[in-house]
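Have a look at the structure below, then the notes.
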């Protein structure tokens, strides 16, 4: 595994989706078949037992439902369980804001350039705010130009554990009004505030459906328990049998209404040849649409008012295209089988930025995506790093420079991460917000 993957955690590099780790041979063995009831509970996580119960009750499940169970189960989901260390060196991945403060500061600078001439209060919205590091860096920039009391911060976060971390990270900005929401759909367009939405590594964790184009149309790729084969050791050796496999994907025999709807949700999909598998995220489409509705300017509201609109940035790994095999799992900064310890691993898939653009391009101006390297360099990363290095203690200088380079590494995060801009309206005479160009 490359140094990039070890150091950065999640990566867009392609790997086999369903590797078979096999089972070590232990002495003389004989093959036996296990039923659902016989499978050793000690080999399963709580979430896997829940998933197996779901399948036993209603039949095979979609990849989207699998992701929702693994990541968002109320008590044992990856993002909901207090015992999971998600971010940082002790977690399963490190994000750009955790690597260098410069990332969040340049995001804040971009927001400032869009907001500075409005002369009305600012509403900052972040989707999936992690530990609050990015928002703290953004507020540090904005508070140098505007009183924090004029800024409302809205964090879209479902995890009580993460909310506590975010509140602690933002405690220095006590004059800022801080609110949490379970969903962006709890937010409405505003007639009194300029709204800025930031979604950094949010869309990659939204559930994806896997569908395949067949002669019949678009069929689901579903998940079911594999007919398990174990290596059973004679009892005298006193070694417990181990399941060889757990869950497995398979192609549904015919299209479903849902798979047909997903397959026809973009004109791009119609051009794909038979046999093609694609990852489609309707949750991403709906969320992007809602972002557009919130940022749209001039939208009629109640009592004769109209929406102010605003701007937004979506930063994630992916590209301006569909993906068929980007779904992967991370544990301790390493890629593992996507069915490994459900509920204890981070699950992620590349973002189809073209799909996000299709969701909102009719109501807002959408620019990009452009590589993170270009965005950060054009926003002044080099000058900011030089300033930090000049003021830092000697033993910190190299760490600051190295961290900044990771963000723009052309072989890593600099090219793997993409940045998409959303604007309710452009400034007079403006073709696109700096540093973007209109598509």
Quick calc: nm separation of the 7 Å Cα→Cβ label points for residue 397 and residue 425 -> 4.9 nm
Most exposed to least, judged by fewest other Cβ atoms within 10 Å, 267, 374, 303 sort to 303, 267, 374
Most exposed first, judged by fewest Cβ atoms within 10 angstrom, 278, 61 run 61, 278
Contact order relative to length for the range 361-439, counting C-alpha pairs under 8 Å separated by 6 or more residues, stands in percent at 52 percent
Expected sort for 358, 302 with the fewest Cβ neighbours (10 Å cutoff) up front is 302, 358
Check: C-alpha center the range 147-214 vs C-alpha center the range 240-305, spacing in Å is 22 Å
Rounded to the nearest Å, the spacing of the alpha-carbon centers of the range 358-430 and the range 308-347 is 20 Å
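What order, most packed first, do the peptides 361-371, 286-296 have when packing is the mean number of other Cβ atoms within 10 Å of each residue?
On the way: 361-371: 20.2, 286-296: 22.3.
Ranking the peptides 361-371, 286-296 by packing returns 286-296, 361-371.
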Per the range 65-197, sqrt(5λ) over the Cα gyration tensor eigenvalues, sorted largest first, in Å, gives 27, 17, 12
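For residue 332 and residue 120, compute 0.36 nm times the residue count separating them, minus their Cα-Cα distance, and round to one decimal in nm. Spell out each step's value before the answer.
Values: separation 212, 0.36 × 212 = 76.32 nm, distance 4.45 nm.
Stretched fully, the residue 332-residue 120 segment lengthens by 71.9 nm.
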Gyration tensor on Cα atoms of the range 291-390, a ≥ b ≥ c root eigenvalues, a/c under 1.5 rounded, else prolate if a/b beats b/c, else oblate, says oblate
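No value in this document is a laboratory result; all are computed from the given coordinates. On a predicted model such as this, the values are computed, not experimentally measured, just so you know. Heads up, the Cβs are rebuilt from the backbone with ideal geometry, glycines too, and the neighbour counts pull from every protein chain shown.
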